[in-house]
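Working notes for the structure below.
Read the figures in this text as sums done on the coordinates, not as results from a lab. Keep in mind that what you see is a predicted model, and the values were worked out from it rather than measured. Cβ placement follows ideal geometry from the backbone for every residue including glycine, while neighbour counts extend to all protein chains displayed.
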Amino acid sequence: MIQSMTGFGKHTVQLPSKKITIELKSLNSKNLDINARMPSAYRVKELQLRKTIASSLIRGKIDFGLYVEITGNETSSVVNEEVLRQYMEQLRSIADGDDLRLMEMALRLPDALKTDREDIDDSEYKVIQDTLENALQEINAFRSEEGIVLEKDFQERISSIKDLLGKVVEIDPDRLATIRERLEKAVSDLKTEVDANRFEQELIYYLEKYDITEEKVRLKNHLDYFIETMKSADSNGKKLGFISQEIGREINTIGSKANYAPMQQLVVQMKDELEKIKEQMLNVL
């Protein structure tokens, strides 16, 4: 079962004095790229949180946000009274104004407020871990739902290529007969005596160069292998990408050997379906 790399997950938990929210957004990327946003006091746990995300999401461009909203009486910022008084005295010496106005100005100056950095205790970090796990479950569920849509699209397009391949197999005898007839006519137009046995040998050799039996077999096998891989337990977008490259290689070879307009038209349609598969493949985990 395949998964999309596009997803979204969010979970919120309310503590006695703060509300913690974790958001996860993911887009397609060749590798894992995590962009983390969190309050500076929580940066000490960033590496551990990144490891948890990496073990679950595997690949993609991930936006991770940890938001903390104080909802109780707890606060980490207090007025730095000594600095504030010094600012007010300096302002009073150069400008007239009442104390309230001077205080408003002083509070905007550096170090007027001081922040006490508190360490995250084990119980709060356990809550953050649980919240992250819930957000990861949500984003993985989102990815799986998107994967179902992608899988249906891939099955339809692979089935379309198989149908087109069936038509290629069906018209292949007519193609070879047409090429043979074209060559025989070209020789007869020369109005020159040719050795019949030698001509037949050369004709067989020439037709062998246009034989696509191996390509038809390999293409069918690659199409079957694509479906088989897509239905495996793990999502493997890179492997499916390699298989689609092999499918393209066989289609191109059939096109180069076709030398027959009706078959080349079928090849163009197969290429169109494969191109759409490759576009969607960029979003598969």
Handout entry: Over the chain: helical MRE at 222 nm, DSSP H runs n ≥ 4 each giving -39500 (n - 2.57), nearest 500
Key = -21500 deg cm²/dmol
Fill in the blank from the handout: Taking r as the C-beta separation of S56 and D174 and R0 as 51 Å, the FRET efficiency to the nearest 0.05 is 0.40
Handout entry: Degrees, to the nearest 10: 81-94 long Cα axis against longest axis of the chain
Key = 80 degrees
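Apply 1/(1 + (r/R0)^6) to the Cβ-Cβ distance of Y210 and E145, taking R0 = 41 Å, and write down the FRET efficiency to the nearest 0.05. Mind showing how you got there, number by number?
Numbers: r = 47 Å, r/R0 = 1.14.
Step by step, r from the Cβ atoms, then E = 0.30.
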Fill in the blank from the handout: Taking 261-274, 44-57 and ranking on average Cβ neighbours within 10 Å, highest first, one gets 261-274, 44-57
Fill in the blank from the handout: By the C-alpha gyration tensor axes a ≥ b ≥ c (rounded if a/c is under 1.5, else prolate when a/b exceeds b/c, else oblate), the shape of the stretch 146-281 is prolate
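From the Cα gyration tensor of the stretch 1-69, with a ≥ b ≥ c the square roots of its eigenvalues, which class applies: rounded if a/c is under 1.5, or else prolate if a/b is larger than b/c, or else oblate?
Details: a/c = 2.56, a/b = 1.75, b/c = 1.46.
Cα axes put the stretch 1-69 in the prolate bin.
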Practice task
Compute the distance in nm between two label points, each set 7 Å from the Cα along the Cα-to-Cβ direction, one at E279 and one at A233.
Solution key: 3.5 nm
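To the nearest 20 debye, what is the magnitude of the charge dipole of the chain about its Cα centre, counting +1 on the Cβ of each Lys and Arg and -1 on the Cβ of each Asp and Glu? Before the final figure, lay out each step's value.
Numbers: 42 positive and 52 negative charges, 98 e Å.
Once rounded to the nearest 20, the dipole reads 480 debye.
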Exercise for the section: Set the Förster radius R0 to 51 Å, insert the Cβ-Cβ distance between V13 and Y225 as r into 1/(1 + (r/R0)^6), and round the FRET efficiency to 0.05. Expected result: 0.70
Completion exercise
Listed with the fewest Cβ neighbours within 10 Å leading, T131, T71 appear as T71, T131
Exercise for the section: Assign one of three labels to the chain, namely rounded, prolate or oblate, based on the Cα gyration tensor with a ≥ b ≥ c the square roots of its eigenvalues; rounded applies when a/c is under 1.5, prolate when it is not and a/b is larger than b/c, and oblate otherwise. Expected result: prolate
Handout entry: Cβ-based exposure ranking for E246, E104, in which fewest neighbours within 10 Å come first
Key = E104, E246
Exercise for the section: With everything on Cα atoms, drop me the angle between helix 196-209 and the longest principal axis of the chain, reported from 0 to 90° to the nearest 10. Expected result: 10 degrees
Handout entry: Between helix 213-230 and the chain: long-axis angle, C-alpha atoms, 0 to 90°, nearest 10
Key = 30 degrees
